[in-house]
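Visitor: Dropping a structure here in structure tokens format, bear with me for questions.
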Amino acid sequence: MNIIITGAGQGIGLELAKAFTEDPGNVIIALSRKIDKLQTLAEQKNKGKLIFSELIPFSFDLVKGDYRELSAFAGLYFNQADILINNAGLLVNKPFQDILPEEFDAVFDTNVKAVFRMVQTFLPAFHKGSHIVNISSMGAVQGSRKFPGLSVYSASKGAVTTLTECLAEELKGKGIIVNGLALGSVQTEMLTLAFPGLKAPITAASMASYIKDFAVSGRNYYNGKVLNVALTTP
């Protein structure tokens, strides 16, 4: 399969890249501004420690980057995309009254606009059965527990949830499947920023394994759904 992952430089995204390299025949384009960990993983593969698939790290800024350049780069490796996982996220943990307009813009540009731009960019490469998976948050689920300091992050993920439902409707005529996963507490750098000192019951590697399986097989059972994936929130 041909797979694109955003936010692959650390946390769940990096673990997703690792997980997809375990299956034969996969070509994974892993996007992050910082790709040193991805490059190390790719070098290990080239030395024969991971022998099944091809991992291609690409340093890319989802907010400031040239998406035409990204499309051209991906086209060097494949013409059709089977899976896109919009995993990248930015969190600002501040009281509402202290959030600056530019911080608001940065969160929405990364968490929402980048999803829009990634889907538009790779739309010509998607085919019947392609699966777009957007990572949302339990903090965006209506009626779920909310936390001080996370208003803009939660609002941005709420936008991702609605965009996911709308994209599924827009693209169903092409046979392109769009779903989302609203994640609860996972032990990542972002969780530490949101809830310092909290120990989550789910590791990044464990959640990545679940997301990978959902990206591969969930398209056979769901479309236009945003599923809650949480043991705790947080």
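The values are calculated or read from the model by the stated rules, or taken from the named source; none is laboratory data. Only a predicted model underlies this, so the values are computations on that prediction, with no experimental measurement involved. Glycine also receives a Cβ, built like all others from the backbone with ideal geometry; neighbour counts cover every protein chain displayed.
Visitor: Quick check on this structure: which one of Leu62, Leu76 is surrounded by 17 or more Cβ atoms within 10 Å (Cβ to Cβ), over 17 Å from Val216 (Cα atoms) and modelled with pLDDT of 95 or more?
Guide: Exactly one of Leu62, Leu76 is surrounded by 17 or more Cβ atoms within 10 Å (Cβ to Cβ), over 17 Å from Val216 (Cα atoms) and modelled with pLDDT of 95 or more, namely Leu62.
Visitor: Could you say whether any residue in region 164-180 is in a helix (DSSP H, G or I), under 23 Å from Asp109 (Cβ atoms) and at pLDDT below 95?
Guide: No, region 164-180 has no match at all.
Visitor: For region 59-72, what are the residues that are of a type outside the set (D, E, K, R) and within 17 Å of Lys34 (Cβ to Cβ)?
Guide: Ser59, Phe60, Leu62, Val63, Gly65, Leu70
Visitor: Taking Thr110 as meeting all but one of (1) hydroxyl-bearing (Ser, Thr, Tyr); (2) surrounded by 18 or more Cβ atoms within 10 Å (Cβ to Cβ); (3) more than 15 Å from the chain's Cα centre (by Cα), write down the number of the exception.
Guide: (3)
Visitor: For a quick check of your reading of the model, give me the residue pairs whose first member lies in region 70-81 and is within 14 Å of Leu55 (Cα to Cα), whose second is at pLDDT 95 or above and in a helix (DSSP H, G or I), with beta-carbon atoms closer than 9 Å and at least 6 apart or on different chains.
Guide: Ala74/Thr121; Ala74/Phe122; Ala74/Ala125; Phe78/Ala125
Visitor: Ala168 passes all but one of (1) more than 22 Å from Ala17 (Cα to Cα); (2) in contact with a helix residue (DSSP H, G or I) (Cβ under 9 Å, 6 or more places away or on another chain); (3) of a type in the set (A, V, I, L, M); which number fails?
Guide: Every condition holds for Ala168 apart from (2).
Visitor: Related question: Just one of Ala17, Ala42 is over 20 Å from Ile132 (Cβ atoms) and in contact with a strand residue (DSSP E or B) (Cβ under 7 Å, 6 or more places away or on another chain); which is it?
Guide: Answer to the selection: Ala42.
Visitor: Any chance you could count how many residues in region 1-31 are of a type in the set (Gly, Ala, Ser) and either touching a residue at least 60 places away in the same chain (Cβ under 8 Å) or touching a His at 6+ places or on another chain (Cβ under 8 Å) (or both)?
Guide: The total comes to 5.
Visitor: Residues in region 146-187 that are surrounded by 20 or more Cβ atoms within 10 Å (Cβ to Cβ) and among the aromatic types (Phe, Trp, Tyr): how many?
Guide: Of the residues in region 146-187, 1 are surrounded by 20 or more Cβ atoms within 10 Å (Cβ to Cβ) and among the aromatic types (Phe, Trp, Tyr).
Visitor: Consider Ala155 carefully, then state whether it is farther than 20 Å from Glu15 by Cβ and outside any strand (DSSP E or B).
Guide: Criteria met by Ala155.
Visitor: Report every pair of residues separated by at least 6 positions or lying on different chains whose Cβ atoms are under 6 Å apart, first residue within region 205-221 and surrounded by fewer than 18 Cβ atoms within 10 Å (Cβ to Cβ), second part of a helix (DSSP H, G or I).
Guide: Sorted first by the residue in region 205-221, then by its partner, the pairs are Ala205/Glu15; Ser209/Ala19.
Visitor: Follow-up. For region 79-99, what are the residues that are buried (at least 21 other Cβ atoms within 10 Å of the Cβ), in a loop (DSSP other than H, G, I, E, B) and in contact with a strand residue (DSSP E or B) (Cβ under 8 Å, 6 or more places away or on another chain)?
Guide: Those that are buried (at least 21 other Cβ atoms within 10 Å of the Cβ), in a loop (DSSP other than H, G, I, E, B) and in contact with a strand residue (DSSP E or B) (Cβ under 8 Å, 6 or more places away or on another chain): Asn87, Ala88, Gly89.
Visitor: Sticking with this structure for a sec: Quick check, is Gly224 surrounded by 16 or more Cβ atoms within 10 Å (Cβ to Cβ) and assigned to a loop (DSSP other than H, G, I, E, B)?
Guide: Considered against the rule, which asks whether it is surrounded by 16 or more Cβ atoms within 10 Å (Cβ to Cβ) and assigned to a loop (DSSP other than H, G, I, E, B), Gly224 comes out as yes.
Visitor: Criterion first (crowded, with 16+ Cβ neighbours inside 10 Å and farther than 23 Å from Tyr210 by Cα) does Leu16 satisfy it?
Guide: no
Visitor: Please state which of the following conditions Ala72 fails to meet, knowing it meets all the rest: (1) under 24 Å from Ile12 (Cα atoms); (2) assigned to a helix (DSSP H, G or I); (3) among the small types (Gly, Ala, Ser).
Guide: Result: Ala72 passes all but (1).
Visitor: Between a residue in region 132-143 that is on the phi > 0 side of the Ramachandran plot and free of Cβ contacts under 8 Å to residues at least 60 places away in the same chain and any residue that is surrounded by 24 or more Cβ atoms within 10 Å (Cβ to Cβ) and assigned to a helix (DSSP H, G or I), which pairs come within a Cβ distance under 8 Å, given they are 6 or more apart or on different chains?
Guide: Cβ pairs passing all conditions: none.
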